[in-house]
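Enquirer: Could you have a look at this structure, given as structure tokens, before my questions?
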Amino acid sequence: MNQLIGLAKKLSGTLTVPGDKSISHRGLIFGALAKGKTEVIDILESEDVQSTARCLSQLGVQIEKVGRSTWVTGCGLEGFKNPTAELDCGNSGTTMRLMMGVLAASKVHCTLTGDASLSKRPMKRVAEPLRKMGAKIKLTNENVSPLDIQGCALRGTDYQLKIASAQIKSAILLAGLFAQGKTRIFGEIHSRDHTERMLNLFGARVHSGCALGQDFVEIEAGQVLSAARVQVPGDPSTAAFWMAASCLVPNSRVVIEKISLNESRIGFIRVLERMGANISFKIESGGSRDSEPVGTVTVESSQLKGVHVKASEIPALIDEIPLLAVLASQASGITDVDGAEELRVKESDRLEAVATNLRSMGCVIETKQDGFIIKGKQELKGAKIETFHDHRIAMAFSVAGLVAQGETLIQGAECVAVSYPGFYEALNQLRKE
Ligand code: S3P
């Protein structure tokens, strides 16, 4: 499906966005591992979350949707059955990596596969810590999927995490919950903390501390998860597209309600503030150690200025960097992003995808191994956009199309369904002229 986008004169409206993707995956997985019936309310209905639901169903977990509630009948890890077919994780790195942690500690033997993009993404980073715990995981010679897991008894470990990845951290924590003894993760642990919050919500204790000058997160094995009620807030990484669009399109004012304002997810809002955006946010509920802070964000048209984003900030806006590149092209002065080398191993090489498409819109961008430099403000011209089957590239360049001269064609726009199936409908509602 191709989508044509033209110059927009005004965006306005108040909206909610679909449920947070990370929390939706975790709600299903934790529900499956808990005793009793877990209710996940306002789960994200997208292809990625369906991949997690499908894998869990193949393992014998019952999942049923009634209105806004998704009911997961937990069978505990010991209740997982050997699947009769491969577990297809589709495009979803979160499904594959979190399930690696869970399945490594189970009694199940299975194979995990994914689509062409997921089959290229690095999996040794998860297999390695799990193997240190005793896991039996086979990857291909290139250290990618399909991967074979023979679940077995694991032992707790101390692990020095070198990549600030919530997916790796979560896989280790989940495996640690079912191992013998304690598991402690040191190093790059300051990524999104939804797994830690959900462990608390489901009645397990996870402890954060500092030892020998290093922060760590620790889990004690043998804790039993009890069913819970998970209210999924709106996804801030999805809301980010409307924040950016509202900044760029003249005469705009957009209010986004009920989104997660978790500190580990609002790096994009913090960077927008530094760029001089007319943006404000307010936390209205939640935020204890077992819940997400949730609130409202208001954004109006803005004159943006360039910004320096350093490596330590990246985890809190990892999924918003392609969108930041689009904003940078419309901001006056230099935007310089460092420490974002992880973008090269996302659903596409997002640094290359951004450079290719900005260049085809007539914008000059310098890429680095770990980021990019853009000097704005530059005029964008409508172009044919290559999405590389990457949902965030499709949506970021749809936003670019709103301020480009002429028409922008998003080729293969159907990939937005990975995280935001109603993206174009929402755009049509916000677009006033
Ligand atoms: C996610 C973690 C991030 C993020 C992804 C979702 C998660 O990936 O990019 O969209 O739910 O834990 P990394 O852990 O690879 O940084």
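Enquirer: Given the conditions (1) outside any loop (DSSP other than H, G, I, E, B); (2) open to solvent by 30 Å² or more (accessible area, probe 1.4 Å); (3) assigned by TED's automatic domain parsing to the domain that holds Ser398, which single one is not true for Asp215?
Expert: (3)
Enquirer: Looking at the stretch 347-364 only, could you name the residues that are closer than 14 Å to Ala400 by Cβ, of a type outside the set (A, V, I, L, M, F, W, C) and assigned to a loop (DSSP other than H, G, I, E, B)?
Expert: Result: Gly362, single match.
Enquirer: So how many residues does the stretch 115-171 have that are of a type outside the set (D, E, K, R) and either farther than 29 Å from Asp370 by Cα or in contact with a His (Cβ under 9 Å, 6 or more places away or on another chain) (or both)? Show your work before the answer.
Expert: So the first thing to find is which residues in the stretch 115-171 are of a type outside the set (D, E, K, R), and the list is 116-119, 122-123, 126-127, 129-130, 133-135, 137, 139-141, 143-147, 149-154, 156-157, 159-161, 163-168, 170-171.
Next cut, either farther than 29 Å from Asp370 by Cα or in contact with a His (Cβ under 9 Å, 6 or more places away or on another chain) (or both) only: 116-117, 133-135, 137, 149-154, 156-157, 164, 166, 170.
Residues meeting the conditions: 17.
Enquirer: Scan the stretch 118-129 for residues that are open to solvent by less than 20 Å² (accessible area, probe 1.4 Å) and touching a Lys or Arg at 6+ places or on another chain (Cβ under 9 Å) and jot them down.
Expert: Within the stretch 118-129, the subset open to solvent by less than 20 Å² (accessible area, probe 1.4 Å) is 118, 121, 123, 126-127, 129.
Selection gives Arg121, Met123, Val126, Ala127.
Enquirer: Tell me which strands (runs of 3 or more DSSP E) are completely within the stretch 87-183 and hold 2 or more residues being touching a Ser or Thr at 6+ places or on another chain (Cβ under 7 Å), within 16 Å of the ligand (Cβ to nearest atom) and without any contact (Cβ under 8 Å) to a residue 60 or more places away in the chain, or say none if there are none.
Expert: Working: elements: 109-113, 136-138, 147-150, 158-161.
Answer list for the stretch 87-183: none.
Enquirer: Does Val307 count as in contact with a Phe, Trp or Tyr (Cβ under 6 Å, 6 or more places away or on another chain) and away from the ligand (no atom under 16 Å from the Cβ)?
Expert: Details: in contact with a Phe, Trp or Tyr (Cβ under 6 Å, 6 or more places away or on another chain): no; away from the ligand (no atom under 16 Å from the Cβ): yes.
No; evaluated as a whole, the condition is false for this residue.
Enquirer: Follow-up. For the stretch 23-61, enumerate the residues that are under 14 Å from Thr238 (Cβ atoms) and crowded, with 22+ Cβ neighbours inside 10 Å.
Expert: Once the filter is applied, which keeps residues that are under 14 Å from Thr238 (Cβ atoms) and crowded, with 22+ Cβ neighbours inside 10 Å, the stretch 23-61 yields Ile23, Ser24, Ile43, Leu44, Ser46, Asp48, Val49.
Enquirer: Of all residues in the stretch 1-27, which are farther than 23 Å from Arg253 by Cα and small (Gly, Ala, Ser)?
Expert: Ser22, Ser24, Gly27
Enquirer: Going residue by residue through the stretch 8-16, is there one that turns out to be open to solvent by 30 Å² or more (accessible area, probe 1.4 Å), among the aliphatic types (A, V, I, L, M) and more than 16 Å from the ligand (Cβ to nearest atom)?
Expert: no
Okay, residues lined up against (1) assigned by TED's automatic domain parsing to the domain that holds Arg289; (2) open to solvent by 20 Å² or more (accessible area, probe 1.4 Å); (3) touching a Pro at 6+ places or on another chain (Cβ under 9 Å):
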| residue | (1), (2), (3) |
| --- | --- |
| Asn141 | no, yes, no |
| Pro146 | no, yes, no |
| Ile163 | no, yes, no |
| Ile168 | no, no, yes |
| Ile172 | no, no, yes |
| Gly181 | no, yes, no |
| Glu188 | no, yes, yes |
| Arg197 | no, yes, no |
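Enquirer: Quick one: is Arg205 closer than 20 Å to Ile23 by Cα, within 16 Å of the ligand (Cβ to nearest atom) and touching a residue at least 12 places away in the same chain (Cβ under 8 Å)?
Expert: Judged against the criteria, Arg205 is not a match.
Enquirer: Restricting the search to the stretch 280-333, which residues are of a type in the set (A, V, I, L, M, F, W, C), open to solvent by 30 Å² or more (accessible area, probe 1.4 Å) and under 27 Å from Phe388 (Cα atoms)?
Expert: Scanning the stretch 280-333 gives a single hit, Ala311.
The values are calculated or read from the model by the stated rules, or taken from the named source; none is laboratory data. Keep in mind the model is a prediction, meaning the values are calculated, not measured. Glycine also receives a Cβ, built like all others from the backbone with ideal geometry; neighbour counts cover every protein chain displayed. The protein model used for the area step is the full one, side chains on, heavy atoms only, and it has no ligands, DNA or RNA in it. Shrake-Rupley method; radii C 1.70, N 1.55, O 1.52, S 1.80 Å.
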